[in-house]
Amino acid sequence: MDSLLFDVRYAFRRLRQAPLFSLVVILTLALGIGANSAIFSVINTVLLEPLPYRDPGQLVTIYHYYPSLKMEAPVSAPGFKDYRDRTHSFANVAVESQWSANLTGMGDPERLAGAKVSGAYFQTVGVAPAMGRVFTVADDQAGHDHQVVLSYGAWLRLFGGSRDAVGRQMVLNGEQYQVIGVMPRSFVDFWANQTDVWVPIALDPALFVPGNYTNESMPLIARLKPGVTVDAAAREMKAFAEQLKRDNPTNFSPDWTLEVKALTDVQTGPIRPALLVLLGAVGFVLLIACANVANLLLARAAARQREVAIRTALGARARDLIAQLLAESLILAVIGGALGLALAWIGVRALVAANPTNLPRVADLAIDGHVVLFTAGVAVLTGLLFGLVPALQVRRNNLHATLKEGARNGTADRAGQLVRKVLVVAEIALALTLLTGGGLLIRSFARLSGVDPGFDPHHLLTFNLALPTARYPSATTRNAFWTAVMPRLAQVPGVQSVGGTTVLPFGGGWSTGSFNVEGYTPPPKGNSPWGDIRLVTPDFLRTLRVPLVHGRLLASTDDEHAPLRAVVDEEFVHRYYPAGTDPIGKRLWFGGPSPDSTTQWITIVGVVGHTKHEGLDADPRIQLYLPVTQNIPNDIGGLGIAVRAAGDPLRLVPALRNAIHEVDRDLPIARVRTMDDMLSASMGQRRLSMVLLVLFAAIALLLASLGIYGVMSFAVAQRTRELGVRVALGASRENVLGLVLRQGMALAAIGAVLGIAGALGLTRLMTAQLYGIHPDDPATFATVTAVLLLVAVAATLIPALRATRVDPIIALREE
């Protein structure tokens, strides 16, 4: 113990004597360790931390899966009933439906994000309320369903955290609901983490008929029975799907099946590849930092050869010298780790503030005990890693030769020089690999940003309006509201046009369905025509400036008194009609595969360009636009509103709200956003991956350039006598400059070749993160290699210029 304390005290003294050296090492380590700690905190929260439910490993979901369409759909009412009552793998099964509620009677009208859930929902996820109680099966039926459970945040915001909130009444969508419970702060709805309120779903018994099996709209959560695995449940549901198709052959597509997934896989599946790529990237940054610090310590150890030799001559053992040098490296690593943890905390706070929508559980990101332990482990490991090589060099010192050479510094240890060069080559290779990955993501993001969404997203304001059933109980009353409010919105100064739709582009919602096209026969065992179905007001397509290709757009005359009309997109025409066919006047219908006397024919009156709705990189689905006033296929109580503005659209919000309140003063508007913001948010995950990887690549490039600079500067210092002799014998300054530059660029060239080879293999792991570009894109490889070599030239040039200023008289006199 005394020896250890002595080594620590001596190490601190040595480091205080070289403050600049210590500061450079600490900052280098802080960058490497901080980046790793920040990314680990994200991985810890998103991939490693269990979901905030009881025994989350037992929770799964069931999808209706269409392999030929590559589509996972939620379940239906009859499906929910069958999976709950006719299967054996699940202890509990619950469904929910996204819902919104207009809150009135508590100040200004407010739109609450809500969910309707089946009676066993909270029992299935296994979370008890913080106050009151949650739903039971008895609450989940008509006449008993006007009860509400609040989220912790809604309880604080609406009731000020008052404990007498339980039992009070709330007016939601014009109807009285009683508060029966409040969920704990940590609880979030898996399918919609911004949920404010939950109410019973109280499914109508008429929905459970087998014909509704593919009326898919409700996400499901199930809890496996003890001892049942996800794979076993998946096998049972595959067999059950086949039995359903045999029993009801006309109700299902030929390739329809059931898929079981663990909830953790559902949450982390889309983000996992990007996070693992970033983890590999910060690992490279840490390796480069370690190589850099090892180089600095090797240079310092070479400068201390005489000191080490004298201590050895006085009786110091090799293991004592190694321990003392390792103590120095560990102290540097611990201080660097502490500073890195502070940098990680700043980075995580910035990430939480940015609130990327595509990153799950972003609000839970924190520097917790796991991250601190990880950082401590990394600090110790890196301290040993970069400290071991210079410590082992001590054992190679030739005591007699070192003491005889005295203060001569022109004969540096050749083994140490070789190690330093190898480390620099490794830094360059790793940096080029990261630069290539960052370059690929930049080019990919640029191509994605250049994708035409199919409409003009600029100067567009969007918001949602939901009509409560209590005030608007029929299609007639709802149509009357839209007929009254749309002209008022259009007359607001600064508004050019206004339109409404059931699903806004890039709004996160979706509405798909199957239909039939007159004259089109699906291939054997193929699916019926299927795609996105949008109910729109007459001016919606015009407001978005979706180009009209053929025919006409929907008009105000396409109302409930007119024949049924539709506008389709070019993708629809391409898939379902032979080339050269004029689709205007062609017909389609909803319902069974064969028309009958009850069939409601829908006539195509126009063809528009294809628009992007889910994301710029999404596979194209056909789009079918129907007049909202004709209420096909069902009545609609809410619309997303798009407003085309002459200037800044956000300035119109107060006036638009007032126009709505002229028609209904209790109707709030919700989710007010510009289309530009929505489009940007749809690329959030790709942007986050690109920014972080480019940041890590820039750090790696900086560290690699510092490594080259450090090695070449040390080499010039060690070769002062040699360079002086060369100048004395007639070598020009250009010769000396070229000599040093060639040596530095030789290291950079070797590192670049190795980096290209490594990048060709590793960037293939990024294929899923790229759009419109191949992982071995020659232009990207050429560009980043050129950038790295230019930086290497700059880093080598400074010590090379210093070498040209060596005075041969002074250099020789020092001998």
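The values are calculated or read from the model by the stated rules, or taken from the named source; none is laboratory data. Please read these numbers as outputs of a predicted model, since none were measured by experiment. So basically every Cβ, Gly included, is an ideal-geometry build from the backbone, and we count neighbours across all protein chains shown. Surface accessibility is based on the protein's heavy atoms, side chains included, excluding ligands, DNA and RNA. Shrake-Rupley method; radii C 1.70, N 1.55, O 1.52, S 1.80 Å.
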Legend entry - Filter result (under 13 Å from Thr767 (Cα atoms) and open to solvent by less than 10 Å² (accessible area, probe 1.4 Å)) within the stretch 439-455: Leu440, Ser444
Inset, instruction - Would you check which residues across the stretch 212-235 are over 16 Å from Ala77 (Cα atoms) and within 33 Å of the chain's Cα centre (by Cα) and list them? - result: Arg223, Leu224, Lys225, Val228, Thr229, Val230, Asp231, Ala232, Ala233, Ala234, Arg235
Legend entry - Evaluation of Lys238 against (1) touching a residue at least 24 places away in the same chain (Cβ under 8 Å); (2) in contact with a Leu (Cβ under 7 Å, 6 or more places away or on another chain) (one fails), failing number: (1)
Inset, instruction - For the stretch 108-127, indicate whether the set of residues that are touching a Leu at 6+ places or on another chain (Cβ under 6 Å) and modelled with pLDDT under 95 is non-empty. - result: yes
Legend entry - Verdict on Gly119 being in a strand (DSSP E or B), small (Gly, Ala, Ser) and under 23 Å from Ser217 (Cα atoms): no
Inset, instruction - Please find, within the stretch 657-699, the residue that is farthest from Ile39 (Cα to Cα) out of those that are basic (Lys, Arg) and more than 19 Å from the chain's Cα centre (by Cα). - result: Arg665
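Okay, residues lined up against (1) closer than 30 Å to Tyr63 by Cβ; (2) of a type in the set (A, V, I, L, M, F, W, C):
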| site | (1), (2) |
| --- | --- |
| Gly107 | no, no |
| Ala113 | yes, yes |
| Met131 | no, yes |
| Ala138 | yes, yes |
| Ser162 | no, no |
| Ala165 | no, yes |
Legend entry - Inter-residue pairs, beta-carbon under 6 Å, first touching a residue at least 40 places away in the same chain (Cβ under 8 Å) and in the stretch 676-697, second among the polar types (S, T, N, Q) and open to solvent by 40 Å² or more (accessible area, probe 1.4 Å), 6+ apart: Ala681/Thr357; Gly684/Thr357; Gly684/Asn358; Gln685/Asn358
Legend entry - From Ala748, Ala752, Ala800, residue being in contact with a Gly (Cβ under 9 Å, 6 or more places away or on another chain) and surrounded by 14 or more Cβ atoms within 10 Å (Cβ to Cβ): Ala800
Legend entry - Sole residue being in a helix (DSSP H, G or I), surrounded by fewer than 15 Cβ atoms within 10 Å (Cβ to Cβ) and modelled with pLDDT of 90 or more, chosen from Glu236, Glu242, Glu307: Glu242
Legend entry - Odd one out for Thr87, checked against (1) open to solvent by 20 Å² or more (accessible area, probe 1.4 Å); (2) in a loop (DSSP other than H, G, I, E, B); (3) of a type in the set (S, T, N, Q); (4) over 12 Å from Val199 (Cα atoms): (1)
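Every residue, every condition in (1) outside any loop (DSSP other than H, G, I, E, B); (2) open to solvent by 40 Å² or more (accessible area, probe 1.4 Å), yes or no:
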residue: Phe135; (1), (2): no, no
residue: Ala142; (1), (2): no, yes
residue: Asp145; (1), (2): no, no
residue: Trp155; (1), (2): yes, no
residue: Gly161; (1), (2): no, no
residue: Gln178; (1), (2): yes, yes
residue: Trp191; (1), (2): no, yes
residue: Thr195; (1), (2): no, no
residue: Gly211; (1), (2): yes, yes
Legend entry - Tally, over the stretch 458-484, of residues that are surrounded by 17 or more Cβ atoms within 10 Å (Cβ to Cβ) and free of Cβ contacts under 8 Å to residues at least 40 places away in the same chain: 0
Inset, instruction - Working carefully through the options Leu441, Leu461, Leu448, find the one that is closer than 21 Å to Val672 by Cα, out of contact with any His (no Cβ under 6 Å at 6 or more places or on another chain) and not in a loop (DSSP other than H, G, I, E, B). - result: Leu461
Legend entry - Every pair of residues 6+ apart whose Cβ atoms lie under 7 Å, when the first sits in the stretch 183-194 and is among the basic types (Lys, Arg) while the second is open to solvent by 20 Å² or more (accessible area, probe 1.4 Å): Arg185/Tyr152
Inset, instruction - State yes or no: is Ser732 open to solvent by 30 Å² or more (accessible area, probe 1.4 Å), within 40 Å of the chain's Cα centre (by Cα) and either modelled with pLDDT of 85 or more or over 29 Å from Asn36 (Cβ atoms) (or both)? - result: no
Inset, instruction - Starting from the stretch 732-756, take each residue that is closer than 30 Å to Pro778 by Cβ and of a type in the set (Val, Ile, Thr) and list its partners that are at pLDDT 80 or above and surrounded by 17 or more Cβ atoms within 10 Å (Cβ to Cβ), counting only C-beta distances under 6 angstrom and pairs at least six apart or across chains. - result: Ile750/Val425
Legend entry - Residue ID - least open to solvent (accessible area, probe 1.4 Å), chosen from residues in the stretch 490-516 that are of a type in the set (Gly, Ala, Ser) and part of a loop (DSSP other than H, G, I, E, B): Gly507
Inset, instruction - Output the qualifying pairs, or none if there are none: Cβ atoms under 9 angstrom, residues six or more apart or on different chains, first residue in the stretch 255-281 and touching a residue at least 24 places away in the same chain (Cβ under 8 Å) and under 20 Å from Val42 (Cβ atoms), second residue surrounded by 15 or more Cβ atoms within 10 Å (Cβ to Cβ) and of a type in the set (D, E, K, R). - result: Gln267/Arg361; Ala274/Arg686
Legend entry - Evaluation of Glu560 against (1) within 23 Å of Ala480 (Cα to Cα); (2) in contact with a helix residue (DSSP H, G or I) (Cβ under 9 Å, 6 or more places away or on another chain); (3) modelled with pLDDT of 95 or more; (4) open to solvent by 10 Å² or more (accessible area, probe 1.4 Å) (one fails), failing number: (3)
Inset, instruction - Please go through the stretch 132-172 and pick out each residue that is of a type in the set (D, E, K, R) and either within 23 Å of Pro668 (Cβ to Cβ) or touching a residue at least 40 places away in the same chain (Cβ under 8 Å) (or both). - result: Arg133, Asp139, Asp140, Asp145, Arg157, Arg168
Legend entry - Residues located in the stretch 517-536, provided they are open to solvent by 10 Å² or more (accessible area, probe 1.4 Å), in contact with a Ser or Thr (Cβ under 8 Å, 6 or more places away or on another chain) and assigned to a loop (DSSP other than H, G, I, E, B): Pro522, Gly526, Asn527, Ser528
Inset, instruction - Please identify the pairs in which a residue from the stretch 503-531 that is closer than 28 Å to Trp191 by Cα has its Cβ atom under 8 Å from the Cβ atom of a residue that is among the acidic types (Asp, Glu) and surrounded by 16 or more Cβ atoms within 10 Å (Cβ to Cβ), counting only partners at least 6 apart or on another chain. - result: Val503/Asp532; Phe506/Glu614; Trp510/Asp532; Trp510/Glu614; Ser511/Asp532; Thr512/Asp532; Gly531/Glu571
Legend entry - Residue that is modelled with the highest pLDDT [pool: residues in the stretch 339-368 that are among the polar types (S, T, N, Q) and surrounded by fewer than 16 Cβ atoms within 10 Å (Cβ to Cβ)]: Asn355
Legend entry - Residue list for the stretch 649-675, filter: in a helix (DSSP H, G or I) and open to solvent by less than 60 Å² (accessible area, probe 1.4 Å): Pro649, Leu652, Val653, Ala655, Leu656, Ala659, Ile660, His661, Val663, Met675
Legend entry - Residue, farthest from the chain's Cα centre (by Cα), within the stretch 366-390, restricted to residues that are within 19 Å of Ser329 (Cα to Cα) and of a type in the set (Gly, Ala, Ser): Gly387
